[in-house]
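The next block holds one structure in the form of structure tokens; read it before the comments.
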Amino acid sequence: MQRVFVVMIAVVLALGLVAVGCSKSGAKSDKIKVGFIYIGPIGDGGWTYAHDEGRRFLEKETGIESSYKENVPESPAAEKVMEDMISQGCNIIIGTSFGYMDYMENVAKRHPDVTFLHCSGYKTGKNMGTYFGRIYQARYLSGIVAGLKTKANKIGYVAAYEIPEVVRGINAFTLGVRSVNPQAVVKVKWTHTWYDPAKEKDAAKALLDEGVDVVAQHQDTAGPQQAAEERNVWSIGCNTDMNSKAPKAYMTAPIWNWGPYYVRQIKAVKEGTWKSESYWGGMNDDIVRLAPLTANAPEAAKAAVDKATKDILAGTQKVFQGPIKDQTGAVKIKDGEVMADADMLKFDWFVEGVEGKIK
């Protein structure tokens, strides 16, 4: 799926390739048409919907023409979609799922005059770059909200797959929770899905049966939040502002804001200044953010979130800054140390306060 990049990209980081690259894609282009390739439907309310919001923002801000294809499998079919888009005049191709990587690399080699952007991958070329966002920063902030809201000191987390990105998000969320409520624990249920409303809702119900009174998630559907609403407890969303999906439960969500990034990249192509890179931006770039707090959020949340946001933006607070212990109580990050990007991108352990296993 779209985000299984996290282990291999650590290799890229270790080689020092994550900084802005040194290879330009080619000459200035006056006529731009952008083709977006999506793993799911734009109406999923989550991952793909967020990317399509970015596409629409791009059109609004620049007037540039774009097209998209939904439900493209991570198979040779993706390569055909890219070729079709190029034959229809697209000179920038954006693939929004990890599994498109090898197919995009093949097409990029055949079309050196076309610029390719791949979300979450690790392979780059002269005319192909990768991009992702530090969503864990916003997850930390959402954890503050959950930690202040819970009365049971038990928070549920419905999680997709045991991959570093998801583990990193659970850890960041838990650190946010325990920064304001050291007694709270985060209980994890795995679904092994990205988009399965019924299964994800059932996982949330199982957590609710264990006594949690706040449900968070790393899924593309609102199923877990709807389960929380049905039980008259609280929820934290994912990917987009999901307030309308569970308005009686929803408090906030860590969300994507792809639009400004797309605008910057496409303008650079048009001006002839685009360079291949492996981009991993954060809240300072406004590629990730916390959705507005609703009236369901606790009264103290706004001040606490505002302070943490200010400190993260100023660089005076790092999410994974020691001392941090793992589930066994062993110190994994010493006091004053900050976890390196390469280590964050291969996270395979839970922080203290998480109740759950990684495989």
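When you count, for each residue, the other Cβ atoms within 10 Å and take the mean per peptide, how do 274-285, 222-233, 58-69 rank with the highest first?
Packing order, densest peptide first, comes out as 222-233, 274-285, 58-69.
What 222 nm value per residue comes from the helices of the chain, counting each DSSP H run with n ≥ 4 as -39,500 (n - 2.57) and dividing by all residues, nearest 500 deg cm²/dmol?
Calculated from helices alone, the mean residue ellipticity at 222 nm is -11500 deg cm²/dmol.
Using a Förster radius of 22 Å, what is the FRET efficiency between residue 61 and residue 88 based on their Cβ-Cβ separation? Nearest 0.05, please.
It comes out at approximately 0.45.
HN-Hα J couplings of region 68-79 from phi, Karplus 6.51/-1.76/1.60, θ = phi - 60°, integer Hz, Gly and Pro as x?
Taking θ as phi minus 60°, the curve returns 8, 10, 8, 6, 8, x, 7, 8, x, 4, 5, 5 Hz for region 68-79.
Translational D (Stokes-Einstein, µm²/s) of the chain at 37 °C and 0.692 mPa s when Rh comes from the Kirkwood sum over C-alpha pairs?
159 µm²/s
Past the 20 angstrom mark, what percentage of all C-alpha to C-alpha distances in region 137-195 do you count?
Summing the P(r) tail past 20 Å for region 137-195 gives 21 percent.
Could you tell me the relative contact order of region 38-98? Use alpha-carbon pairs under 8 Å, at least six residues apart, and round to a whole percent.
This gives 41 percent for region 38-98.
For region 154-166, in order, what is each residue's ³J(HN,Hα) by Karplus, 6.51 cos²θ - 1.76 cosθ + 1.60 with θ = phi - 60°, in whole Hz (x at glycine and Pro)?
10, 10, x, 9, 8, 10, 6, 9, 7, 10, x, 4, 5
Using the Kirkwood radius over Cα pairs, work out the Stokes-Einstein diffusion coefficient for region 320-359 at 4 °C and 1.567 mPa s, in µm²/s as a whole number.
Once the numbers are plugged in, D ends up at 123 µm²/s.
Can you give me the relative contact order of the chain as a percent, contacts being Cα pairs under 8 Å and 6 or more apart?
Here the relative contact order equals 21 percent.
Holding the Cα-Cα limit at 19 Å, pick out from 69/275; 302/325; 154/187; 123/275; 69/109; 149/357 the pairs that are longer than that.
69/275; 302/325; 69/109; 149/357, as the Cα separations exceed 19 Å there.
Using every Cα-Cα pair within region 181-281, state what percent have a distance larger than 18 Å.
Cα-Cα pairs in region 181-281 separated by more than 18 Å: 55 percent.
Using only the alpha-carbon atoms of region 262-359 as identical scatterers, what base-10 log of I(q)/I(0) does the Debye formula give at q = 0.19, 0.23 Å⁻¹?
Ignoring solvent entirely, the Cα scatterers give -1.14, -1.23.
Rounded to the nearest 20 debye, what is the charge dipole size of region 165-263 about its Cα centre when +1 sits on each Lys and Arg Cβ and -1 on each Asp and Glu Cβ?
So the magnitude is around 160 debye.
Region 83-218: percent of C-alpha pairs farther apart than 26 Å?
So the portion of pairs separated by more than 26 Å is 41 percent.
For residue 253, enumerate residues with amide H under 5 Å from its amide H, sequence gap 5+ or separate chain, H modeled in the peptide plane.
Correct list: 237, 291.
With point charges of +1 on the Cβ of Lys and Arg and -1 on the Cβ of Asp and Glu, referenced to the Cα centre of the chain, which listed residue (232, 45, 179) lies farthest in the positive direction of the dipole?
With unit charges placed on the Cβ atoms, the residue in question is 179.
Calculate one ³J(HN,Hα) per residue across region 89-95 by plugging θ = phi - 60° into the Karplus curve 6.51 cos²θ - 1.76 cosθ + 1.60, and present them in order as whole Hz with x for glycine and proline.
Per residue, the Karplus-derived 3J(HN,Hα) values read x, 6, 10, 9, 10, 10, x Hz.
Would you pull out the residues with amide H under 5 Å of residue 332's amide H, same chain only if 5 or more places away, H placed 1.01 Å from N?
Counting only residues 5 or more places away or on other chains, the set is 324, 325, 326.
Pull up the DSSP beta bridges for the chain and report the antiparallel fraction as a percent, rounded to 5.
The antiparallel proportion sits near 20 percent.
Determine, for region 189-263, the count of lysine pairs separated by eight or more sequence positions (or lying on different chains) whose alpha-carbon distance falls under 13 Å.
Counting lysine pairs in region 189-263 gives 4.
So for region 177-261, averaging the separation of alpha carbon pairs under 8 Å that are six or more residues apart and normalising by length, what relative contact order in percent results?
About 20 percent, as a whole number.
Take the alpha-carbon positions of region 299-347, form their convex hull, and give its projected area averaged over all directions (one quarter of the hull surface) in nm².
Computing the convex hull of the Cα atoms and averaging its projections yields 4.6 nm².
We did not get these values from a lab; they are worked out from the coordinates using the rules stated. Here the structure is a predicted model, which means the values were calculated and not measured. As a convention, Cβ positions derive from the backbone with ideal geometry for all residues, glycine included, and neighbour counts pool all protein chains shown.
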